[in-house]
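Read-outs: derived from the displayed coordinates by stated rules, not from any lab. All figures in this text were calculated on a predicted structure; none of them were measured in a lab.
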Amino acid sequence: MVLKVLIVVRPQRAEVLCQRLAAAGWANDLAAWEARGYGRQKGHLEQYAGREYEIEFLPKVAVECLIEDEHREELIQLVLATCRTGRIGDGKIFVQRIESEAV
């Protein structure tokens, strides 16, 4: 069975993550794009030209790849080892079953 995995991470960790996914052989079915969002982190305050303003949607990078079900746990462990800092806002991992795959 094929799984689609969506990984949303801090921008600073995205390049290293993609390199490690490539080294593991998962870069053939990989896409990455800039994203914005928030979870428990809920944004933060910034200052610009002496004024304070709130940024609600924080910059993230979304990485999507297709893997076989037997590699699921291996991929999740690779993502955790690469991206986890232990602070709120490290990211999310979503796994979805793919019923059919277009060629």
The computed P(r) of the chain puts the percent of Cα pairs beyond 16 Å at 60
In deg cm²/dmol, rounded to the nearest 500, the helical mean residue ellipticity at 222 nm of the chain, built from -39500 (n - 2.57) for every DSSP H run of length 4 or more, is -7500 deg cm²/dmol
Applied in sequence order to the range 3-18, the curve 6.51 cos²θ - 1.76 cosθ + 1.60 (Karplus, θ = phi - 60°) yields integer Hz couplings, x standing for Gly and Pro, of 10, 9, 10, 10, 10, 10, 9, 4, x, 5, 9, 5, 5, 5, 4, 4
Read phi for every residue in the range 58-75 and hand back ³J(HN,Hα) as whole Hz from Karplus 6.51 cos²θ - 1.76 cosθ + 1.60, θ = phi - 60°, with x for Gly and Pro. 8, x, 9, 10, 9, 10, 10, 8, 10, 9, 7, 4, 5, 9, 4, 5, 4, 5
Whole-Hz Karplus ³J(HN,Hα) for the range 92-98, in order, using 6.51 cos²θ - 1.76 cosθ + 1.60 and θ = phi - 60°, x for Gly and Pro? 9, 10, 10, 10, 9, 6, 10
